[in-house]
Amino acid sequence: MIGIEPLRNKIAEKIQLLYGHSYDELNEVTVMGSASEALYCAIAALIHPGDEVIYFEPCFDSYAPIVKLQGAMPVAIKLVPPSYGIDWDAVRDAVNDRTRMIIINSPHNPSGAVLSDADIAALQDIVADTDIVILSDEVYEHVVFDQDIHRSMSRYDGLRERAVVVTSFGKTFHVTGWRIGYCVAPAAITAEIRKIHQFLMYCADTPMQYALAAMMETPNHYLNLSTIYQEKRDLLAHALKASKFELLPSKGGFFMLARFHHFSYLSDVQLVRRLIEEFGVATIPVSAFYSDGTDLGVIRLSFSKDDATLEEGARRLCKL
């Protein structure tokens, strides 16, 4: 149910190597049938009717619905463009005696923002002397650019003791459709999460677990990802220099954002539809990542494609 021992051992070894903390593979590491399952199990296990959960928009669209399914209230705080940084004063104002969880995502989908040292310090300060749990969605942990580091909750005193860290083998090893991920957390929290996992999924795909354990014997399979994706980010950015779009900084993950309201009055949904129908290029409107459909004239581009596809997509976008 909790994942095969060889894979749990490799997960614990990787975290020790990268973040300097040793998790007990038996009681603190759980292999899941996707990072999405891990997110659901963590929220369902720890959140109850009347609780409040702080999260940040734009974001992956599962957070708020999962919270609502528990009879709890999701509290959205909007990130601040163009950097899509966190307004920590707004977080302090939102915290109250009903706040049970803060959901963090870094590297961030859709913006590509990453947490800084100042962000970590602010988060440590806010949760100190509370019982707030941090749910840290770190599915793009191995894709951080420009010589920066991934600031996992597993690194930090005062955070790891209250954190559920979720990540994805699908994102790391390019097998997103095969649905396998994991979470790590202190033993007492893990015990509660496993109560949900047991009856939701029971276990992840066993053959895939053995394959992934073998892949993790060679750390370069994931340690080299930042270099690979930074080259793709830079290729796409260079190819779009002749376009009308204003590209926003991407510091990690598979995506970059592009502004367009300075040359078009279309909504982001309308522009995305036009790009598909007239240019054969699929993008995503960033309004889809807000619960209230906020439209700031921004679309999301993915560079997790082969170079030829990126170059052709950019060539077409430059015709707009």
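The values are calculated or read from the model by the stated rules, or taken from the named source; none is laboratory data. Keep in mind that what you see is a predicted model, and the values were worked out from it rather than measured. Cβ placement follows ideal geometry from the backbone for every residue including glycine, while neighbour counts extend to all protein chains displayed.
Details
- Among the candidates D97, D93, D61, D89, residue that is in the same structural domain as F145 (by TED's automatic domain parsing), part of a loop (DSSP other than H, G, I, E, B) and more than 21 Å from S302 (Cα to Cα): D97
- The residue that is surrounded by the fewest Cβ atoms within 10 Å (Cβ to Cβ), counting only those in segment 147-189 that are among the polar types (S, T, N, Q) and assigned to a helix (DSSP H, G or I), is T176.
- The listed residue being in the same structural domain as L135 (by TED's automatic domain parsing) and closer than 13 Å to A42 by Cβ, out of Y182, Y210: Y182
- Top-ranked residue in segment 220-241 [being surrounded by 17 or more Cβ atoms within 10 Å (Cβ to Cβ) and among the polar types (S, T, N, Q); ranked as farthest from the chain's Cα centre (by Cα)]: Q230
- Answer residue from segment 108-146, given it is under 15 Å from the mean Cα position of the chain (by Cα), free of Cβ contacts under 8 Å to residues at least 40 places away in the same chain and not in a loop (DSSP other than H, G, I, E, B) and is nearest to R259 (Cα to Cα) among those: S136
- Residue within segment 258-266 that is assigned by TED's automatic domain parsing to the domain that holds L301 and closer than 30 Å to I149 by Cβ present: yes
- Output for segment 1-37, where each listed residue is part of a helix (DSSP H, G or I) and touching a His at 6+ places or on another chain (Cβ under 8 Å): I15, L18, E37
- Positions within segment 48-75 being crowded, with 18+ Cβ neighbours inside 10 Å and among the small types (G, A, S), in sequence order: A64, A72
- Qualifying residue in segment 190-206 (condition: surrounded by 19 or more Cβ atoms within 10 Å (Cβ to Cβ) and among the β-branched types (V, I, T)): yes
- Scanning segment 64-86 for residues that are over 13 Å from D119 (Cβ atoms), touching an Asp or Glu at 6+ places or on another chain (Cβ under 9 Å) and in a loop (DSSP other than H, G, I, E, B) yields Q70, G71, A72, P82.
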